[in-house]
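Let me begin by presenting the structure, written as structure tokens, before commenting on it.
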Amino acid sequence: MNRNAQYFACNTYSYTLSHTAEACLAHLADLGFSEFELMMYPGHLWPPDADAVQRTALRRAIESRNLRVVTLNMPNIDMNIAGASLEMRRYTLHLLQQIVELAGELQAEGVVIGPGKSNPLFPAPRERLERFFFSALDYLLPTAEKAGTQLWVENMPFAFIPDADGLMQALDLYGSDDIGIVYDVANGHFIKEDPADAIRRCRKRLKLVHLSDTGQQVYRHDRVGAGDVPFQKVPPTLLEVGHSRRPMLEIISENPDEAILSSTEKLSAMGYGRA
């Protein structure tokens with residue numbers, strides 16, 4: 001058990017191809033983690049495939065070890081709420097509805113979603129993409145309220161709204177106070193966004209912070225130290241804005257145990273978890 005794991009929550013991305021969600025939680029709990037973000041992925045945890053027996057077993061596994069699922073996270077490559085075709089948008093919303101309902105069953109506080117992607121070579125007008133995004137929120141918000149969870153929108157460099165200021169403007173225009181923001185520090189750094197300024201900008205909607213490392217030429221979610229994210233800026237800014245939730249490690253590696261645990265050591269040395 002790692003002594004620094006207690007200061008962080010852990011995303012299961014790196015284990016989606018090797019573990020079921022239940023086995024993954026048991027493994028990460030043995031490493032010292034108690035809070036998690038479960039990735040939605042076939043073979044790991046996929047709502048259409050998870051029958052009542054599997055869901056009950058997962059809930060019991062969570063409860064038996066006093067664990068907590070903070071969020072469920074959608075697979076952004078396969079889904080697009082701002083897709084050009086109505087069929088893609090309907091498909092995405094149908095899956096997201098099932099993810100939101102599963103979040104309620106697992107008592108997860110939020111479901112991480114993206115605002116949608118545009119064609120990078122020939123993007124649709126911003127107004128059209130925003131209309132699709134807002135229509136998705138119209139559809140999903142009642143489901144989230146009924147399930148007892150929330151929608152948390154993440155900044156993503158491949159989304160049609162990649163930055164914190166743009167997300168805040170869009171969500172304020174939409175007008176619901178029930179929608180939160182997940183600020184991903186690596187995603188922001190990749191588009192040359194200052195993490196301190198971005199966290200301050202989204203402070204009133206900030207629900208969760210994702211941590212991993214990247215450079216600004218090749219997009220990554222690496223172990224801490226493999227890129228040049230200015231991690232030292234984050235703890236004092238979170239303290240300034242009054243955000244005290246454990247940050248979520250979203251590190252993608254073929255050797256995830258070592259990459260994740262070495263990252264907890266480096267981040268703890270920078271002041272994470274010590275405030």
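For this structure, a couple of remarks:
- Segment 39-134: relative contact order as a whole-number percent, Cα under 8 Å and 6+ apart: 31 percent
- Legend: P(r) of segment 137-231 from all alpha carbon pair distances, 5 Å bins from 0, whole percents, reading 3, 14, 24, 22, 16, 11, 7, 3, 0.
- Calculated FRET efficiency for the pair residue 127/residue 194, C-beta based, R₀ 25 Å, to 0.05: 0.35
- Each of 149, 241, 199 was placed along the dipole of the chain (beta-carbon charges, centred on the mean Cα), and the one lying farthest toward the positive end is 241.
- Cα-based shape type of the chain, given that a ≥ b ≥ c are square roots of the gyration tensor eigenvalues and the cut on a/c is 1.5: oblate
- Considering only the Cα atoms of segment 7-118, their convex hull presents on average a projected area of 7.1 nm².
- Contour excess over end-to-end distance, with Cα ends at residue 30 and residue 87 and 0.36 nm allotted per residue: 16.3 nm
- 16 Å cut-off, amide nitrogen to a point 7 angstrom out along residue 51 Cα→Cβ, residues in segment 1-45: 43
- Residue-wise HN-Hα couplings along segment 116-128, as the Karplus relation 6.51 cos²θ - 1.76 cosθ + 1.60 with θ = phi - 60° gives them from phi, are x, 10, 10, 5, x, 7, 8, x, 5, x, 4, 4, 5 Hz; Gly and Pro carry x.
- Label point distance in nm, residue 59-residue 254, each placed 7 Å from Cα along Cα→Cβ: 4.0 nm
- Most positive-pole-ward Cα, 176, 186, 122, against dipole of the chain from beta carbon charges: 176
- Taking one quarter of the surface of the C-alpha convex hull of segment 1-49 gives a mean projected area of 3.1 nm².
- Label point distance in nm, residue 139-residue 172, each placed 7 Å from Cα along Cα→Cβ: 2.8 nm
The numbers here are math on the coordinates, done by the rules we state, and not lab data. These numbers come from a predicted model, not from an experiment. Quick reminder, even Gly has a Cβ in these numbers, built from the backbone with ideal geometry, and neighbours come from all protein chains shown.
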